[in-house]
Structures are given as C-alpha cells and as structure tokens.
Amino acid sequence: MLIVTLLPFILSLCITAVLTWLLLPLIKKYGLIDDPKLHKHPGIIHTKPIPRGGGLPFFVGILLVSLILLPFNTQLSAIFLASAIALIVGLIDDKFNAESKDISPYIRFLVNILCATIVVGSGVSISFITNPFGGILHLDTILIPLLNIPIGDVIAGLWIIWVMNMLNWSKGVDGQMPGIVAISALVIGLLSLRFTGGVIDAQLSFIIAGSAVGFLIFNFSPAKIFPGYGATSVYLLLAVVSIFSGAKLATAILVMGVPIVDAVFTIIRRLINKKSPFKGDRLHLHHILLDLGYSQRQVAFAYWGFSALLGTAALTLENKSKIFALIMLLVIVTGGLLFLHFMVRLRHEKDVS
C-alpha cells in the first residue's frame, strides 16, 4: 500500500518542485511573462509581471514519474500524447499572452476536442455507471443512432473537454487550482484502491496529486509562477483517471463540485447576457470573494476546504446519498452565487451613486 500511495506522491512532489525551480529562469529567459500592463484580461488580479508557463514542469513531473513507475502501453502512450499536445498549444498561448496577444479561444477549444478524441480513440470510455436506485447502466451497449458510437465514448469525451476548461477557469487565485487538483486526485486514487483495485489508476492519481503539491510550493500566494494555459495537459490527465472506472465519475463531480457549479453558472450568465461563453470577465466566484475583501490565501483555502469536505463525503457516502449531496451542492452553491452577485451589484450601484 505504501508503494502504491506514498512513493508516487512523494517522488512526483519532489521532482515537480525541483523542475519548477530549475525551469523558472528558462521560462523567464524565453519571455513567458504575464505582465498586467500588456495582458489586458478582465480577470487579472496581479499587479506586477509574473512568469507563466508553469504547466511545463507540472506536466513533465507527472510524465517522468509515470515513466519510472507505470507500465506504459498503447493506451497510456496515447493519453500522454494528447496531454503533450495540450501542453504545447498551451505554452504557445502563454507566449502569445506575454506579447499581449491571444490564441483564439475557439482554436483552443478545437484543440481540446482533438485531445479528447485521441484519448477516447485509445479506448478510454465510460463503459458503465452505477444506478443510484440499484443496478448498473451499461453505456457501452447503448449506441448513438446513425453514428454507431457508444454513448459512453461521447460522455467520456465531453467530460474531458469540460474538465480541461472548467479547471482552467479555476486558477484565478494563487494556489487555487493546484490545491483543487491535488485533493481531487487523492480522493480519486483512494477510491480506485477501495472499490476497483485499480493499482495503475491509483498510482497515476497519486502522481498527479504529488505533482500538484510540488507545483503549489511555487504557485501559492504570493505566486512565483502561474500555471498558464499549458496546465490543461494536467487537467486532461485528471479527467482521464476519473473515468477509468465509471464508478469514480460521481466522486469527481462531487469533489470538484464548487468550481463545476461556478463554471456552469458562468456559462449560463454569459449566454443570458448575450456574450460568448469564452469571453472572460471578473465575475467568477473567486473574483467576487476578492472584491468582498477576502485575501487570495483565504479564497484558496476556502476552495480547498470545500473540495476536501466534499471529497470526504464522496468516500463515505453511498451512491444514493451522493446524488442527494450533489443536488444539495447545486442548490447551495447556485443560491450563494446569486446572493453574492446581488451583493456585488448593490455595492456597485452604491459606489456609482
């Protein structure tokens, strides 16, 4: 058990931390710097230039430890190929951002689709999900009419694309994202061992968690480096380990529940306001909490606390209870977001008057 859990975690933590420290000067040398004077994005909260491109040591740390500990096959190679593509495109975007440019979000989204297609094409699919009211739903036997594609493949692809974008929106505060990734990966790894016996799945989960903590050392407020868009490579890996067994999907949704609900709320809010879902703004939950006077560390701790609490619930609750917890989470977080947006609007109207 120690070899499966502690070794991957500690090795990945140490290697990623060392890589981040070693690559920081190189990232600065090649100009991957997020300068708020050049990068005009409404969600920016830092006031001085900070290196970005942290997705590079984050991903490479996971890859190196995986090469050491995991038996690579065609499927795992395809998964890391897709992650590498996401990393390369992300680093290019990080460089463009440093030059006050941006790769079109629609191009980035097409790359997300490509990466998800590669992963699903390698055989990663949601073959079944547990019916909370009893029994198993076999998604691999349900085909989409005309396309003749199992619905489990489509759901898996959509989930990967969703996690890549949702977690990218959850890195607005120093330390916020790697903490969420670390807790989510730990919970998924523990569940893999507890219910499915998937040692390789668990090891990859603990490798991701360790790498997240190693990167967090340099990303915690005040951040020495930002993850940048290249970190979508890691989000892809997290999405994959959460669907190696359909039984872990509900757990992943629960442990990442707060950023998931915030992302859904954001998309609906932007569409209602007749704006593109890809159009950035400063109305994510973490931005609102900052505007209400909370520090970056307090906001990050709040996200980690909710993830840890929901992760604990996911490990202890039965399937029916998980569904109830998801519904309660949706109601509470959505209600909280509506209330906070109302408070922000009142404050804005008061300032204007």
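The values are calculated or read from the model by the stated rules, or taken from the named source; none is laboratory data. These numbers were taken from a predicted model, which means no experiment stands behind them. Positions of Cβ are backbone-derived with ideal geometry, glycine not excepted, and every protein chain shown enters the neighbour counts.
What residue, of G336, G293, is in a helix (DSSP H, G or I) and among the small types (G, A, S)?
The conditions single out G336.
What is the number of the single condition among (1) in contact with a strand residue (DSSP E or B) (Cβ under 9 Å, 6 or more places away or on another chain); (2) surrounded by 20 or more Cβ atoms within 10 Å (Cβ to Cβ) that I62 does not meet?
If we test I62 against (1) in contact with a strand residue (DSSP E or B) (Cβ under 9 Å, 6 or more places away or on another chain); (2) surrounded by 20 or more Cβ atoms within 10 Å (Cβ to Cβ), just (1) comes out false.
Condition test on L87, is it more than 23 Å from S221 (Cβ to Cβ), of a type outside the set (D, E), crowded, with 24+ Cβ neighbours inside 10 Å and at pLDDT 95 or above?
Numbers: more than 23 Å from S221 (Cβ to Cβ): yes; of a type outside the set (D, E): yes; crowded, with 24+ Cβ neighbours inside 10 Å: yes; at pLDDT 95 or above: yes.
Answer is yes for this residue.
How many residues are farther than 26 Å from A302 by Cβ, in contact with a Ser or Thr (Cβ under 7 Å, 6 or more places away or on another chain) and at pLDDT below 85 if we restrict to the stretch 231-282?
Summing the residues that are farther than 26 Å from A302 by Cβ, in contact with a Ser or Thr (Cβ under 7 Å, 6 or more places away or on another chain) and at pLDDT below 85 in the stretch 231-282 gives 3.
Please work out if R269 is more than 17 Å from W169 (Cβ to Cβ), part of a helix (DSSP H, G or I) and charged (D, E, K, R).
In short, no.
Return yes when A231 is surrounded by fewer than 24 Cβ atoms within 10 Å (Cβ to Cβ) and either out of contact with any His (no Cβ under 9 Å at 6 or more places or on another chain) or touching a residue at least 12 places away in the same chain (Cβ under 8 Å) (or both) and no when it is not.
no
Could you list, in sequence order, all residues of the stretch 259-285 that are crowded, with 23+ Cβ neighbours inside 10 Å and aliphatic (A, V, I, L, M)?
L285
Spot the failing condition for R347; the list is (1) out of contact with any Gly (no Cβ under 9 Å at 6 or more places or on another chain); (2) over 30 Å from V241 (Cα atoms); (3) surrounded by 15 or more Cβ atoms within 10 Å (Cβ to Cβ), and only one is missed.
(3)
Restricting the search to the stretch 157-181, which residues are crowded, with 24+ Cβ neighbours inside 10 Å and either touching a Gly at 6+ places or on another chain (Cβ under 9 Å) or among the basic types (K, R) (or both)?
Scanning the stretch 157-181 gives K171, P178.
Restricting the first residue to the stretch 289-307 and requiring it to be under 30 Å from I188 (Cα atoms) and in contact (Cβ under 8 Å) with a residue 12 or more places away in the chain, which pairs with a second residue that is assigned to a loop (DSSP other than H, G, I, E, B) and polar (S, T, N, Q) meet a Cβ separation below 7 Å and a spacing of at least six or different chains?
Close Cβ pairs satisfying both conditions: Q296/S221; R297/S221; A300/S221.
Do you know which of the residues in the stretch 245-257 that are surrounded by 22 or more Cβ atoms within 10 Å (Cβ to Cβ) and hydrophobic (A, V, I, L, M, F, W, C) is nearest to V331 (Cα to Cα)?
L254
All but one of (1) closer than 28 Å to A209 by Cα; (2) part of a loop (DSSP other than H, G, I, E, B) hold for F324; state the number of the condition that does not hold.
Here F324 meets the rest and fails (2).
Specify the residue that is modelled with the highest pLDDT; the eligible residues are those in the stretch 1-54 that are in a loop (DSSP other than H, G, I, E, B), of a type in the set (A, V, I, L, M, F, W, C) and under 19 Å from N219 (Cβ atoms).
The qualifying residue modelled with the highest pLDDT is L32.
Scan the stretch 88-118 residue by residue and report those that are of a type outside the set (D, E, K, R), touching a Leu at 6+ places or on another chain (Cβ under 7 Å) and part of a helix (DSSP H, G or I). First the steps, then the outcome.
In the first step, residues of the stretch 88-118 are kept if they are of a type outside the set (D, E, K, R); the result is 88-92, 96-98, 100, 103-107, 109-118.
Then drop every residue that is not touching a Leu at 6+ places or on another chain (Cβ under 7 Å), which leaves 91, 98, 100, 115, 118.
Once the filter is applied, which keeps residues that are of a type outside the set (D, E, K, R), touching a Leu at 6+ places or on another chain (Cβ under 7 Å) and part of a helix (DSSP H, G or I), the stretch 88-118 yields L91, A98, C115, I118.
Of the numbered conditions (1) over 19 Å from the mean Cα position of the chain (by Cα); (2) touching a residue at least 24 places away in the same chain (Cβ under 8 Å); (3) farther than 30 Å from S104 by Cβ, V331 satisfies every one except a single condition; which is it?
Unmet condition: (2).
From K48, K101, which residue is farther than 30 Å from L143 by Cβ and touching a residue at least 12 places away in the same chain (Cβ under 8 Å)?
K48 is the lone residue from the list that is farther than 30 Å from L143 by Cβ and touching a residue at least 12 places away in the same chain (Cβ under 8 Å).
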